[in-house]
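The block underneath contains the structure these notes are about, expressed in structure tokens.
The values are calculated or read from the model by the stated rules, or taken from the named source; none is laboratory data. This one's a predicted model, so the numbers in the text were calculated from it and none came from an experiment. Here Cβ is always computed from backbone atoms with ideal geometry, including for glycine, and neighbour counts include all displayed protein chains. Surface areas here come from the heavy atoms of the whole protein model, side chains and all, with no ligands, DNA or RNA. Shrake-Rupley method; radii C 1.70, N 1.55, O 1.52, S 1.80 Å.
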Amino acid sequence: DFGRSSELAFVVEPSDDIAVQEQPLILYCQVEGIQPITITWRKNGVMIVDSENAFMLANGSLYVSRFQRVRGDGSSDEGEYDCMAQNHYGLVVSRKAKIQAATMSDFHIHPQNAVVEEGGVARFQCQIHGLPEPVILWHKNSMPVNTDNERYTLLPKGVLQITGLRAEDSGIFHCVATNIANVKFSREARLTVSGSHSTVYKDPMILVGPENLTLTVHQTAVLECIATGNPRPIVSWSRLDGRPIGVEGIQVLGTGNLMISDLTVQHSGIYVCAANKPGTRVRRTAQGSLVVQAPAEFVQHPQSISRPVGTTAIFTCVAQGEPPPQITWLRNGQILETSDHIKLKNNNSTLSIYGINQADEAIYQCLAENSAGSTQASARLTVLWADGLPSPPQGVRAETVSATTIQVSWEKPLQNTKEIIGYVLHIRKAADPVEMEYQEAVSKSTFQQLVTDLEPSTSYSFYIKAYTSRGASKASEVTVVSTLGEVPAMPSLFIKVINSTTVQATWEPSIKLGQHEGFKLYYRKVHLSQYTGPVLLASNVTAYNITHLDASVVYEVKLLAYNQHGDGNSTVRFVSLRETVERTVLNPPCDCMKDEQNNKTSTTGIIIGIHIGVTCIIFCILFLMFGYRGRLLMCKNVQEQLSTPQIPRSQRSATGLVLNGATRRDRDDRDLNGKQLDMNELERLFPASPSQEQQEKGITSAHSLSASHDETQISTLPLDEFSIIEEQPDPLPKNPHGSSPAALAPDHGPANEG
């Protein structure tokens, strides 16, 4: 009974059609399933009764003997038809078939006379409405236009294009429209080809660009684009979104018309026609949109299911199309009404039936419909019911224990209790939907359950089911009870000192506080027992300033939230204003005008300081550079001095260099020894060149004569124990190399440094 062949389903459904006036019409409907099956028809939702004009055939199809768009009584055979099939298990409804009468209007656009120069482009157009879409053909001089001529392009919407005009193209043109309803002829238009082909330059120009089109998948779209210019422009196509047009199913008609066959939804977009002057970037563009619709079709069909009484049944139906289809659910052919135990979710894609019972057994249908078409799919719900199941539990009671706890008790069922394996308590907030329900399992020997972790001041509904290995009993009666109220939780409190007599108490609103009506604020001096307050504050207030305080004492501030059930626990903070007073004394308020002037002065000083610093750095660099150069010159002078005979001591001035009060003899001895040290350093840093061999011999001789004379004395005079005082030196004769005495005087300093 649950096989595919047993399901009541359509094998053939009626389809959309266009009927011819006074001609017969047949709408097909074929169903499979368990017999007996009854088939009926509806038009626009109204049952069709068999009559001489319309009646049902033996195979279930509907036969209309003489279709009429308008009957004598004002009725019409046009409309939406559907087929209904019913058997013992339920009823299904077919998709809606739209039936329209074949018609043809008069031409509302006729071809117009045209005079075009030779080599140009001629375009004729005629338009007419009809069902089905009329086929339009063109005649020239009462003869069909030769479509084999590649210069002649016929477009589906009644357009004739002639390119590269010649004298023989002149003539009289008209179009002929044909469909199953009628044949009609347009007015005539004359084409005159004048003169010879012009060589005058003309900018590219698009005579006619693409129109906006709305079509259905698998149809053919023709986007027109005809351009003129001299030289003849090149026509190209692109998409505005930059995506490639592709090549499959794409064809160019004539000199620039784009034809797309077997349309898909991906072909939707804005198409741009460009007329380009050859060899340049000169171009003209026109654009038109193409919208491709797709009828609704199912991605996932609902599946027939069997469920025990009291459980949940879920049907899923997913459809796609362009535009996105709307989904409607039927139950045995009637629109399904939602309730507490029947819910639709996910844009009607999911049907959930909670706590099913025998009345829910039916055939459920999913109808998907959009502007391009409709489709349907069905599934059956079978409710399983076993004989000998327990009756519902009795005497269900619920008593409030606290703000978060309720105790539920019950009595065992009156019938069939031997096979009970346990009970299930169903719990739900009274204000929540059925799908928010949750369950708690209870052993078969237990007839009460303490339900915890509930919300304060909230109503809950409870019912019980008894379970056996073969299924569940029906639900007990539902009982509703509310939890007790609860005082609010402790608020978070922060204290901020504003000045020497004012503090600000702030706190943050939080859902953790629970339901509260407001806040109470207290404060006192810590050495006193009496509080000031309460200061009553609304529930939306989050700050309060406490003023006129004594800066010499410590204060205690207390805040609590309250509601109709009482006061919550308080939060306490201590605060002292003494530090604020001390900071005020140590740091008196600033003179803003004076500070501003000081800031300006400081800024000026910083700028001047930067300039001075930069100048000092430059002088330091110059000093180092010239000092290093001077050292090299002094070293050279030392060499020259040591290579000449020493000046007698008696010829020297009494004024000279005084070294920390040492005797002149000591000074001279140290000078000689200093020269010895300088020579050691010069030999290491400045290797001698061949041209200086003579001087080196003299220096070596002097070094050898004095090496043993004052070595011990020099070691006993560390550099940090003497200072150098330069007095006016006596004039000395020039040395053999022409060095001045002034150049020799500084040598004493570097010699001692060495």
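When you look at Met593, is it at pLDDT below 80 and either touching a strand residue (DSSP E or B) at 6+ places or on another chain (Cβ under 8 Å) or among the hydrophobic types (A, V, I, L, M, F, W, C) (or both), yes or no?
Yes.
Going residue by residue through the range 284-295, is there one that turns out to be modelled with pLDDT under 95, closer than 30 Å to Ile353 by Cβ, open to solvent by 20 Å² or more (accessible area, probe 1.4 Å) and in contact with a strand residue (DSSP E or B) (Cβ under 6 Å, 6 or more places away or on another chain)?
yes
Please go through the range 174-199 and give me each residue that is open to solvent by 90 Å² or more (accessible area, probe 1.4 Å), assigned to a loop (DSSP other than H, G, I, E, B) and farther than 12 Å from Trp138 by Cβ, ordered by number.
Across the range 174-199, the qualifying residues are Ile180, Arg187, His197, Thr199.
Which of the residues that make up the range 563-574 are part of a strand (DSSP E or B) and in contact with a His (Cβ under 9 Å, 6 or more places away or on another chain)?
Asn563
Picking from Leu549, Leu560, Leu536, which residue would you name as being open to solvent by less than 50 Å² (accessible area, probe 1.4 Å), in a strand (DSSP E or B) and assigned by the TED database to the domain that holds Val572?
Leu560
Looking at the range 436-508, what strands (runs of 3 or more DSSP E) fall wholly within it and have at least 2 residues that are touching a strand residue (DSSP E or B) at 6+ places or on another chain (Cβ under 6 Å) and open to solvent by 60 Å² or more (accessible area, probe 1.4 Å)?
Those strands (runs of 3 or more DSSP E) span 438-442, 448-451, 493-499.
Sort out which residues of the range 223-247 are open to solvent by 30 Å² or more (accessible area, probe 1.4 Å) and more than 14 Å from Ala275 (Cβ to Cβ), and write them in order of number.
Leu240, Asp241, Gly242, Arg243, Pro244, Ile245, Gly246, Val247
Applying the selection to the range 200-216, what residues are among the β-branched types (Val, Ile, Thr) and surrounded by 12 or more Cβ atoms within 10 Å (Cβ to Cβ)?
Ile206, Val208, Thr214, Thr216
For every residue, the table says whether it meets (1) assigned to a strand (DSSP E or B); (2) under 37 Å from the mean Cα position of the chain (by Cα).
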site	(1), (2)
Ser236	yes, yes
Gly242	no, yes
Asp262	no, yes
Val272	yes, yes
Thr285	yes, yes
Glu297	yes, yes
Ser306	yes, no
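Output yes when any residue across the range 116-128 is assigned to a strand (DSSP E or B), basic (Lys, Arg) and open to solvent by less than 60 Å² (accessible area, probe 1.4 Å), and no when none is.
So far as the range 116-128 goes, no, none of its residues is assigned to a strand (DSSP E or B), basic (Lys, Arg) and open to solvent by less than 60 Å² (accessible area, probe 1.4 Å).
Just to be sure I understand the filter: pairs with C-beta atoms under 6 Å, separated by 6 or more residues or on different chains, first member in the range 164-185 and outside the structural domain of Ile18 (by the TED database) and in contact (Cβ under 8 Å) with a residue 40 or more places away in the chain, second member aromatic (Phe, Trp, Tyr) and surrounded by fewer than 19 Cβ atoms within 10 Å (Cβ to Cβ). Which pairs pass?
Between residues of the range 164-185 that are outside the structural domain of Ile18 (by the TED database) and in contact (Cβ under 8 Å) with a residue 40 or more places away in the chain and residues that are aromatic (Phe, Trp, Tyr) and surrounded by fewer than 19 Cβ atoms within 10 Å (Cβ to Cβ), the close pairs are Val176/Phe185.
Does Ser170 satisfy being at positive phi and polar (S, T, N, Q)?
So Ser170 fails the test.
Which condition breaks for Val383 when tested against (1) open to solvent by 60 Å² or more (accessible area, probe 1.4 Å); (2) in a strand (DSSP E or B); (3) at pLDDT below 90?
For Val383, the exception is condition (1).
Out of (1) farther than 30 Å from Ile206 by Cβ; (2) open to solvent by 30 Å² or more (accessible area, probe 1.4 Å), the odd one out for Val135 is which?
Every listed condition holds for Val135 apart from (1).
Would you check if there is a residue in the range 310-323 being open to solvent by 60 Å² or more (accessible area, probe 1.4 Å), part of a loop (DSSP other than H, G, I, E, B), assigned by the TED database to the domain that holds Arg380 and modelled with pLDDT of 90 or more?
no
Quick check on Ala9: is it touching a residue at least 60 places away in the same chain (Cβ under 8 Å) and more than 24 Å from Gln334 (Cα to Cα)?
When the stated conditions are applied, Ala9 does not pass them.
Test Asp82 against the criterion of being of a type in the set (Asp, Glu) and either surrounded by fewer than 20 Cβ atoms within 10 Å (Cβ to Cβ) or in a loop (DSSP other than H, G, I, E, B) (or both), and give yes or no.
no
Looking at Gly422, Gly395, which one is open to solvent by less than 40 Å² (accessible area, probe 1.4 Å) and without any contact (Cβ under 8 Å) to a residue 40 or more places away in the chain?
Answer to the check: Gly395.
Please state which of the following conditions Lys496 fails to meet, knowing it meets all the rest: (1) within 25 Å of Lys412 (Cα to Cα); (2) without any contact (Cβ under 8 Å) to a residue 12 or more places away in the chain.
With respect to (1) within 25 Å of Lys412 (Cα to Cα); (2) without any contact (Cβ under 8 Å) to a residue 12 or more places away in the chain, Lys496 is out only on (1).
Just one of the numbered conditions (1) within 23 Å of Val20 (Cβ to Cβ); (2) not in a loop (DSSP other than H, G, I, E, B) is not true of Ser51; which one?
In the conditions (1) within 23 Å of Val20 (Cβ to Cβ); (2) not in a loop (DSSP other than H, G, I, E, B), Ser51 misses (2) alone.
Quick check, is Asn141 free of Cβ contacts under 8 Å to residues at least 60 places away in the same chain, out of contact with any Ser or Thr (no Cβ under 6 Å at 6 or more places or on another chain), open to solvent by 40 Å² or more (accessible area, probe 1.4 Å) and under 26 Å from Ser261 (Cβ atoms)?
For Asn141, the condition - free of Cβ contacts under 8 Å to residues at least 60 places away in the same chain, out of contact with any Ser or Thr (no Cβ under 6 Å at 6 or more places or on another chain), open to solvent by 40 Å² or more (accessible area, probe 1.4 Å) and under 26 Å from Ser261 (Cβ atoms) - is not met.
Could you please find all residues in the range 146-160 being part of a loop (DSSP other than H, G, I, E, B) and buried (at least 19 other Cβ atoms within 10 Å of the Cβ)?
Gly158
If only one of Val252, Val272 is open to solvent by less than 60 Å² (accessible area, probe 1.4 Å) and not assigned by the TED database to the domain that holds Glu322, which one is it?
On inspection, the qualifying residue turns out to be Val272.
Identify all residues within the range 242-263 that are closer than 20 Å to Glu211 by Cα and hydrophobic (A, V, I, L, M, F, W, C); write none if there are none.
The answer is Ile245, Ile250, Val252, Leu253, Leu258, Met259, Ile260, Leu263.
For the range 200-223, check the following and say yes or no: at least one residue is in contact with a helix residue (DSSP H, G or I) (Cβ under 8 Å, 6 or more places away or on another chain), under 25 Å from Ile18 (Cα atoms), touching a residue at least 60 places away in the same chain (Cβ under 8 Å) and not in a loop (DSSP other than H, G, I, E, B).
Yes, because at least one residue in the range 200-223 is in contact with a helix residue (DSSP H, G or I) (Cβ under 8 Å, 6 or more places away or on another chain), under 25 Å from Ile18 (Cα atoms), touching a residue at least 60 places away in the same chain (Cβ under 8 Å) and not in a loop (DSSP other than H, G, I, E, B).
If only one of Ser445, Ser476, Ser461 is hydroxyl-bearing (Ser, Thr, Tyr) and within 14 Å of Tyr354 (Cβ to Cβ), which one is it?
Answer to the check: Ser461.
Suppose we filter Ser529, Ser570 for residues that are assigned by the TED database to the domain that holds Gln504, open to solvent by 50 Å² or more (accessible area, probe 1.4 Å) and small (Gly, Ala, Ser); which single one remains?
Going through Ser529, Ser570 in turn, just one is assigned by the TED database to the domain that holds Gln504, open to solvent by 50 Å² or more (accessible area, probe 1.4 Å) and small (Gly, Ala, Ser): Ser529.
For Thr417, indicate whether it is among the β-branched types (Val, Ile, Thr), surrounded by fewer than 19 Cβ atoms within 10 Å (Cβ to Cβ), in a loop (DSSP other than H, G, I, E, B) and touching a Leu at 6+ places or on another chain (Cβ under 7 Å).
So Thr417 fails the test.
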